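Since every read-out is calculated from the coordinates, none of them should be taken as a lab result. For clarity, every value in this text was computed on a predicted model and none was experimentally measured. No Cβ is skipped: glycine too gets one built from the backbone with ideal geometry, and neighbour counts run over all protein chains shown.
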């Protein structure tokens, strides 16, 4: 394993992130604050509790998941797309670095950025609501797995995309709607039976449900199934990336 190559890619990506540190910091804090004002104060005043938890606290895991998923995809996709765009990807491919080391460098940096943003949002939430985390170990586990899996997914999108418009297509038109419809701001049990059954086909439901369980001990889906779902998604992304580097699809074109 070429740890020097992994470190070089990782440090380069993190340096680019910290060059825009204030922008990266202020944006999630402002967005989270607005969500709490709109959903927590305005809507929360009409909804006292959801399954024994105040509505303002209930939406915190959903807000963190929304930001972590979008940030993981965004950072993972742009990290590999930019070398493709300017042509430096060929220098990387001709270097004595295998695909696993490339993935570890880019995806590791993207996941770190997403975790950083998720942590900032969690800290911000404590200023708005009285929040307790019943299972901190499970919370960290779900956060790490989500950051890694969606950074891998973003890496795939970055390889697939041929322009900047395609780079934003999947996050805006697919992932964000799935997060909003995946129980971010409500419990699946509040829906009619038909829509509850339909919601089970949304993979994001399992991630948000497991993450919310770590906070409050309540879940729409058994915790074991949530862990299996995110493990299956991570494995699928790794298999796709392995196939991409083996065939050179959208890389050596």
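A compact table of results
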quantity: Residue match in region 193-206 (condition: surrounded by 15 or more Cβ atoms within 10 Å (Cβ to Cβ) and closer than 20 Å to residue 32 by Cα); calculated: yes
quantity: Criterion (surrounded by 16 or more Cβ atoms within 10 Å (Cβ to Cβ), assigned to a loop (DSSP other than H, G, I, E, B) and in contact (Cβ under 8 Å) with a residue 60 or more places away in the chain) met by exactly one of 183, 158, 210, 154; calculated: 183
quantity: Only listed residue being free of Cβ contacts under 8 Å to residues at least 60 places away in the same chain and outside any strand (DSSP E or B), chosen from 31, 24, 77, 8; calculated: 31
quantity: Search result, residues across region 177-192 that are within 21 Å of residue 57 (Cβ to Cβ) and over 16 Å from the mean Cα position of the chain (by Cα); calculated: 185, 186, 187, 188, 189, 190, 191
quantity: Condition met for residue 138 (farther than 19 Å from residue 8 by Cβ and in a helix (DSSP H, G or I)); calculated: yes
